[in-house]
Amino acid sequence: MAPLLTTLARRCVTQARHRYTGTATHRLRLSSPLGLSLRRYTTAREDLYPAGASTAEFQLEFKKAYKTRHKERHQHEREPNTATDGPQSEWIITAGLEIHAQLNTGRKLFSNARTTHTAPPNTHIAPLDASLPGSLPIFNPAVLLPALRAAVALNCTVPPESRFDRKHYFYWDQPAGYQLTQFHAPLATDGHLLLFPHDGVTHTHSGNGNSVRIDIQQIQLEQDTGKTLASPPNSLVDLNRVGSPLVEIITRPFDCPDAAFPALVMRKIQSALKAVDACTIGMEWGGLRADVNVSVRRRSTTDEDDWGAPPRYGQRCEIKNVASLKAVQEAVESEARRQIALLEAGETVQGETRGWDADKGVTRRLRGKEGEVDYRFMPDPDLPPVHVGKALLDKVKQTIPLLPDQLLAQLTGAPHHLKEKDAKTLMLWDEYRASAREAGVVYYYKDAVRRLLDMVVREAERERMGLQEEFGAVVGNWVVHELGGGLAKEGIAWRENPVSSKQLAELVLFVVMREITGATAKTLLTRLITAPSPDPNFIRTTVAAEGLAVVAVPEDQILDIAEDVMLPESDVLEELRGGRAIPKRQKRLKSWFVGRIMARYRPSTTTTTLNAYI
């Protein structure tokens, strides 16, 4: 076996050298934590970069140029494209997503090297990652848990056995000359996800229904490739990412009412993966990438079921490595326009693999479209099948966290009764994870609601206040707006929040029981944020010690106070009495009088009482 691996390694190096001749030069230099001498190819391209340019200068100039061109392209809002948007459009866009998500594991798929996104280049490499002769893959069973959570979250069927294949192609970021994947016997198949109005789906997307179903063809385990780094005048290869565990999620083709729809699907899948802790690194770190397949057809074309075969679908083109939700939308729109222009000119669309040029806002040809035969798939002889027992799968289903749709329904239902906007804000702060961590915002909010309800133990008190179903909404308002705003103002991260859930629950209790005013409560909350107190009864103690409780003012005294403030303002009072002001104006005038009275005489008098007398 060793002579064979040596021969293959030499052949790979030879082919790589033959491929990069001319102005390209090669340097072999790599270090490993194991003390092994590993290879890195760097190609010098003096024709692309000015002589003497540093990496920092090049990146700065590139960023400036990109921002300038991007601003020029988006100086006006996108107008609807009547050719592809809406049910009355002439053309139909069909898309399919191949999403590559890095799994939440500490080690790589087939080696003991650590996964990393921030380590210096080429510092987390095992011999297998560099494809050194004699190194063999050993499957990491810890990868199965996040992969199975992803499969369950997307409603897939998990067969008892899956196998690994070798997908052959030569590129400098793939030292072995092939990628280990599960093309023929994947980990999971036949899944689906639903998109609802809160996901951004409109009646244009869903027709007459309330949701849109997207079918998942399969989910397969595979290893990641290396990363090419631009470092003028060279292109460097970082092998830290080689062998990192991925799941590739392949959707079945779906029709798009507009170019933004594939981005909605992508965002939905991303939120589901984050919610179940299958994938913790988002698109901003390269932990989630998408290959987008796009085709167009005239709306009059008859429907069939074969992907890629006319007349049901047009000829598809694949856009590789789209790295953001906005880029997905822009790439689909640009490619659809390109294909429509070709067809309307009487030309044909060629099956191609294309790249997305974010600077120019167009897709560009990379190579002809590869087929299954081009990759020469073959079973990997060094890896046994992966067996998933029923007991393991049942355990994953029982312990999987709430999905975003389930969590949103929980927060907007009893006993929380949050507005959808506030619920989605809490979920966004937690990155849509419902795990019961004490540092989580959703967990904090739920605990505060629970403590508040425990404080109001007598049903008679709840009925007297008439706020039984609004406790959750009031707590949500204080968490999202008052506490969240206060932390942001002081530059404090949520994980360092100094206000305990018990302190917040007691603060809200004093407000809803009308024992302190809203202004007093905000002042106390600010004090807790800027000068934290470990006392769980801080609110009750401070209100009693400083005399902050609402004062019951006799009726005749309220009338005297109101007259002292209102009568000198004869013009405003006449406008309010005469009914000349519109309702919105009347409300503002009343609030103005209330503020004047409270600021001058009774800061601890409730606005409800004063409003009634005004």
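The values are calculated or read from the model by the stated rules, or taken from the named source; none is laboratory data. Note that the structure is a prediction, hence the values are computed from the model and not measured. Methodologically, a virtual Cβ is constructed for each residue, glycine included, from the backbone with ideal geometry; neighbour enumeration extends over all protein chains shown. To get the accessible areas, we keep the full protein, side chains included, count just its heavy atoms, and leave off ligands, DNA and RNA. Shrake-Rupley method; radii C 1.70, N 1.55, O 1.52, S 1.80 Å.
With the structure loaded, tell me whether Leu132 is open to solvent by less than 50 Å² (accessible area, probe 1.4 Å), among the aliphatic types (A, V, I, L, M), at pLDDT below 95 and out of contact with any Pro (no Cβ under 8 Å at 6 or more places or on another chain) or whether it fails that test. When the stated conditions are applied, Leu132 passes them.
Output the residues belonging to the range 94-130 that are assigned to a loop (DSSP other than H, G, I, E, B), charged (D, E, K, R) and under 30 Å from Lys268 (Cβ atoms). Correct list: Lys108 only. Of all the numbered requirements in (1) under 21 Å from Val388 (Cα atoms); (2) in contact with a Ser or Thr (Cβ under 8 Å, 6 or more places away or on another chain); (3) not aliphatic (A, V, I, L, M), His184 misses one, and that requirement is (2).
Consider Arg588 carefully, then state whether it is outside the structural domain of Thr520 (by TED's automatic domain parsing), open to solvent by 100 Å² or more (accessible area, probe 1.4 Å) and modelled with pLDDT of 70 or more.
Values: outside the structural domain of Thr520 (by TED's automatic domain parsing): yes; open to solvent by 100 Å² or more (accessible area, probe 1.4 Å): yes; modelled with pLDDT of 70 or more: yes.
Criteria met by Arg588.
Could you say whether any residue in the range 137-156 is among the polar types (S, T, N, Q), open to solvent by less than 60 Å² (accessible area, probe 1.4 Å), closer than 23 Å to Asp380 by Cα and out of contact with any strand residue (DSSP E or B) (no Cβ under 9 Å at 6 or more places or on another chain)? No, that holds for no residue.
Scan the range 157-179 for residues that are farther than 17 Å from Leu144 by Cα, open to solvent by 40 Å² or more (accessible area, probe 1.4 Å) and outside any loop (DSSP other than H, G, I, E, B) and the total you get is 3.
Please work out if Arg433 is surrounded by 13 or more Cβ atoms within 10 Å (Cβ to Cβ), modelled with pLDDT under 80 and over 24 Å from Pro536 (Cβ atoms).
On the way: surrounded by 13 or more Cβ atoms within 10 Å (Cβ to Cβ): yes; modelled with pLDDT under 80: yes; over 24 Å from Pro536 (Cβ atoms): yes.
In short, yes.
Being in contact with a Gly (Cβ under 8 Å, 6 or more places away or on another chain) and free of Cβ contacts under 8 Å to residues at least 40 places away in the same chain is the filter; apply it to the range 130-171 and report the residue that is farthest from Thr105 (Cα to Cα).
Residues of the range 130-171 that are in contact with a Gly (Cβ under 8 Å, 6 or more places away or on another chain), as a first pass: 131, 142, 151, 154-157, 160, 168-170.
Keeping just the survivors that are free of Cβ contacts under 8 Å to residues at least 40 places away in the same chain gives 142, 157.
On the way: Ala142: 7, Thr157: 23 Å.
Of everything passing the filter in the range 130-171, Thr157 is farthest from Thr105 (Cα to Cα).
So in the range 315-351, with the set limited to residues that are among the basic types (Lys, Arg) and not in a helix (DSSP H, G or I), which one is surrounded by the fewest Cβ atoms within 10 Å (Cβ to Cβ)? Give the steps one after another, and end with the answer.
Quick first cut of the range 315-351, residues among the basic types (Lys, Arg) only: 316, 320, 326, 337-338.
Adding the requirement that they be not in a helix (DSSP H, G or I) leaves 316, 320.
Numbers: Arg316: 22, Lys320: 16.
Selected residue: Lys320.
In the set Arg354, Arg365, only one residue is surrounded by 19 or more Cβ atoms within 10 Å (Cβ to Cβ), modelled with pLDDT of 90 or more and among the basic types (Lys, Arg); that residue is Arg354.
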